Amino acid sequence: MKWVALKGDGKIAFKIKSRLKWVGLVGLVLSTFSILTHFLLARYTDGGVSEYQSSITIFSWRPIFENVDLSNNHFLLLQNPLYQRLWGPVRLLESLHPYANPRENYAAPIHKTSGFIFVRIRGGFHEIRNSICDAVVVSRLLNATLVIPELQSTTSSKGISTQFKSFAYLYNEDQFMAALAKDVKIVKTLPKHLKGARRKKEIPSFKVSNSASPHFYEHHVLPVLSRHSVVELVISEGGGLQAILPPHLEEYQRLRCRVAYHALSFREEVEELATKVLDRLRASGRPFIAYDPGMTREALAYYGCAELFQDVHTELIQHKRSWMIKRGIIKGNLSVDSAKQRRNGLCPLMPEEVGILLRAYGYSWDTIIYVSGGEVFGGQKKLIPLHAMFENVVDRTSLSTSWELNKVYGREANLDDKISRAPPVKEEIKFEAWKTSGPRPRPLPPPPARPKYYNIEGWWGWVAESDREPESTVMELRTNAHKLLWEAVDYRVCVEADVFIPGFDRDGKGKPNFASLVMGHRLYQFAASKTFRLDRKAVGKLLDEIREHLYQANHAWIKSVRRHLKRKLIDGLAKEFTGSKELSFLSFPVPECSCTRQISPEKISNVSSPSSSSKLPAFVGDTRSCPSWMNGYTLAQSKDKESEEELEEDDSTSAGLFFRQSNTNQEAGDGETVNKEDTQMEDNEDLEGGDR
């Protein structure tokens, strides 16, 4: 009986084990199926995963406009004096509207042209954009057929996606050709017989400068074009035609605007990512500031601002300046008084200084600030003070995922040399001599020289013993191509930002840079939007006044900063007109590409002061009236004086500490607190015309 019982128990245990095996097998099959499903979703699903990952971006803020619904009461929000001063439009520019259509008899391009113009463009984002516009104008001027320009920054790069090449890597070719169909005849490639001649380098080539005149093209390039039916233009200075054209060629200036602001549309993947970034910035329903530091190694070296860093970056800048001097880019000494350059307004404003200006103007610690630019020389540590003053400082990387960026890049080959190594240091072989140098004790051999390394993916540069820069690696060439895409996204965000403030407006050749291009586009498309064109010389003096107590400013100093920033909303245009436009037309496309729409008498009667009328400043030039079909465009309603004076503002957080204060009640000194009545009076002054 005992044996029978054991036998029965054994059968039961065997059955249990077999069932567990089947359960484990089923679980293993289900797990395998689940893993395969996830892999397939990750491989073939683009929108869902990226949208889910992007939803984790969260901004933090305090409700400084508690009594206003940001989404449903926009008009009431505009009546708030604080909001009007920080985000409201510039009154004197409200009547300025974009209008780049031809004004006079403008014939369409004829079918038979004088030949083909093939253009190779070198440079960064802003140089490419200027050069493309000039290439189109030159083709129209010579009645030639333009071949889609070749961007050297993409063709010279190795390992980038073969899906997008040259011009199509950044811009939409079909949109470019369709938008300019009534201006210039454009083809994608040269005819077959001319392709072979180009490969053999048998076609005539001209290396043109950005100051080339129409006379040069008509009397030097056109005869060669007529004889050979094709010419090649190499543009490497950020433009191939002088910025200011004779009055009888004003239509060609408007053609530049049509190219830059209508024909040059980024390719679909770039536009999609830029739209997502903008949507995430505006998801909270709050306006945001776009800030472009403009701190590049080339610009700092060109203007001699090396001593502003006081670390290894000083040596890197000096090495670059030495390189520029030996190649004739700079005419001057290697050693420059950087403090003097800064006092003269020739050096970029540091992110810390820009943050102090914004806090003094009244922007709270929870303001959303988008930092543009693919490179901030000096590294992220230069942005630490800005992050301390503003909690919601974001950039392209924090508002997009690697998944989305890879989609923009396309399929790319894997590269091995991700980090560049410095050349090996030749060490003298003294070890054998040291071994046979006699009985101990004897001195140790000298240590080998320390090699100097740098991180390609960061902000360091290798300082060679000679003036030669390290050769670009394959990964660097790919990164240079990626920077074009990064700056394209930043460009779109900066143009559509509620407020834009540049840290510097010059590049490493002394010409207008990315920020100047953005300011010109905003002046064309959103003329009344707030764009701070700072006078760095005056700002430097203001900052020197509180250098010893930089974060404890008194009311008088804050009022001076506000007065300066408000004045430069208009006066800064005069500097752009006299300084930047001579170097780059796209930095100031007014009045050639704009028109004015007169405000109706009913709206003029609502304006609180004659100073806030629609009369444009004299330096803007003779701007023509807009055509009748644009009369339906509705301008922002001006508020009457009585309703403005009834509104109150509490802006005491702008004074005292520029860092975010705690929730506890902290009393500041009498000299460091903005008086509520003074602030209210100042805001009323703004609404009466001070904030023009």
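Here are the numbers for this structure:
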item: Simple spin-label estimate for HIS219 and GLU271 in nanometres, 7 Å along Cα-Cβ; result: 4.3
item: Exposure proxy order (Cβ contacts within 10 Å, fewest to most) of MET295, MET519, MET177; result: MET177, MET295, MET519
item: Euclidean distance of C-alpha centroids, segment 489-524 and segment 558-601, integer Å; result: 13
item: Centre separation in Å (Cα based) which lies between segment 262-286 and segment 152-220; result: 27
item: Segment 164-178 - phi-based ³J(HN,Hα) in whole Hz, Karplus 6.51/-1.76/1.60, Gly and Pro as x; result: 10, 10, 6, 4, 6, 5, 10, 10, 8, 5, 5, 5, 4, 6, 5
item: Burial order of peptide ranges 267-276, 121-130, 219-228 (average beta-carbon count within 10 Å, highest first); result: 121-130, 267-276, 219-228
item: Set LYS320/LYS581; LYS483/LYS559; LYS326/LYS407; LYS320/LYS530 screened for pairs whose C-alpha atoms are more than 30 Å apart; result: LYS483/LYS559; LYS326/LYS407; LYS320/LYS530
item: Ranking of CYS133, CYS305 by count of other Cβ atoms within 10 Å, fewest first; result: CYS305, CYS133
item: Which of TRP87, TRP403 has the fewest Cβ neighbours within 10 Å, and the rest in rising order; result: TRP403, TRP87
item: Amide H within-cut-off set for VAL119, under 5 Å, with H built and near neighbours excluded; result: VAL147, GLU150, LEU233
item: Extension gain, ALA538 back to SER560 (0.36 nm per residue minus Cα-Cα distance, nm); result: 6.9 nm
item: Under 5 Å, built H, 5+ apart or other chain: amide partners of PHE288; result: ASP498, VAL499
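FYI, it's all coordinate maths here, none of it is from the lab. Bear in mind the structure is a predicted one, so any value in this text is a computation, not a measurement. Quick reminder, even Gly has a Cβ in these numbers, built from the backbone with ideal geometry, and neighbours come from all protein chains shown.
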